[in-house]
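Here it is: the structure, laid out below.
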Amino acid sequence: PTAEYCPRCGSKGEPVGAETVHAHVPEEKRGAVADPANFCPAPQCPVAYFDGFERFVLAADLVRPVYPKDPAAPICACFGLTREDIEQDVREGVVTRTRAVLEKSKTPAARCATLAANGRCCVSYVQKYYMQCR
């Protein structure tokens, strides 16, 4: 079971498919992790992906910044919702932007398996950040 935990920070990894790794890791770095791989969800940890052999790819080496490794990256990689958008909803006392993305996340236009760094829908990240802001 040590394969499930990040070799740098010890956080429990989130299993990801090869399509997720291929979408985020540059071709020359893909050999650094084997399939199956895990995403390290700890925001402060520099590791993005790791495998059962304790090999890893750093968030700094990814094709683009990803949330939660980079708080400025969109929380929703499919539709571009940012922390700033959620903060604006909270300031205005509405959920317009947040709700729109949550609705879109239920459609075929959501491509979470490839666009999200953890290969999952952003709903939990969006809800968590919204509640933190309130």
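Per the helix-only calculation at 222 nm, which mean residue ellipticity applies to the chain, given -39500 (n - 2.57) for every DSSP H run of n ≥ 4 and division by its residues, nearest 500 deg cm²/dmol? Provide the component values of the computation, followed by the final result.
On the way: 5 runs with 41 residues, N = 134.
Per the formula, -8500 deg cm²/dmol.
Follow-up question, since we're still on this one. Rounded, prolate or oblate: which fits the range 80-127, taking a ≥ b ≥ c as square roots of the Cα gyration tensor eigenvalues, rounded meaning a/c under 1.5, else prolate when a/b beats b/c? Kindly include the intermediate steps, with their values, before the conclusion.
Details: a/c = 2.80, a/b = 1.87, b/c = 1.50.
Prolate, since a/c reaches 1.5 and a/b exceeds b/c.
Could you pull out the pairs from K104/K128; K29/K69; K12/K104; K29/K128 whose alpha carbons sit more than 23 Å apart here?
Values: K104/K128 18 Å; K29/K69 18 Å; K12/K104 29 Å; K29/K128 32 Å.
Exceeds cut-off: K12/K104; K29/K128.
A further question follows. Can you figure out the FRET efficiency of A72 with H22, using R₀ = 30 Å and their beta-carbon distance, to the nearest 0.05?
On the way: r = 24 Å, r/R0 = 0.79.
So the FRET efficiency works out to roughly 0.80.
Compute the label zone of E54 within the range 3-23: residues whose backbone N is under 14 Å from the point 7 Å along Cα-to-Cβ.
Only 3-11 pass the distance filter.
As an exercise, identify the chymotrypsin sites (Phe, Trp or Tyr not before Pro) in the range 26-56 lying in DSSP coil whose Cβ has no more than 15 other Cβ atoms within 10 Å.
Numbers: sites: F39, Y49, F50, F53, F56; in loops: F53.
Answer in residue order: F53.
Take the alpha carbon atoms of the range 78-94, find their center, do the same for the range 21-74, and report the distance between the two centers in whole angstrom.
Here the two parts' Cα centres lie 26 Å apart.
Can you tell me the accessible area per residue over the range 15-134, all protein chains present, probe 1.4 angstrom, in square angstrom?
Value returned for the range 15-134: 54 Å² of accessible area per residue.
The values are calculated or read from the model by the stated rules, or taken from the named source; none is laboratory data. Fair warning: this is a prediction, and the values are worked out from it, not measured in the lab. Methodologically, a virtual Cβ is constructed for each residue, glycine included, from the backbone with ideal geometry; neighbour enumeration extends over all protein chains shown. Please note that ligands, DNA and RNA were not included when accessible areas were found on the heavy atoms of the full protein model with its side chains. Shrake-Rupley method; radii C 1.70, N 1.55, O 1.52, S 1.80 Å.
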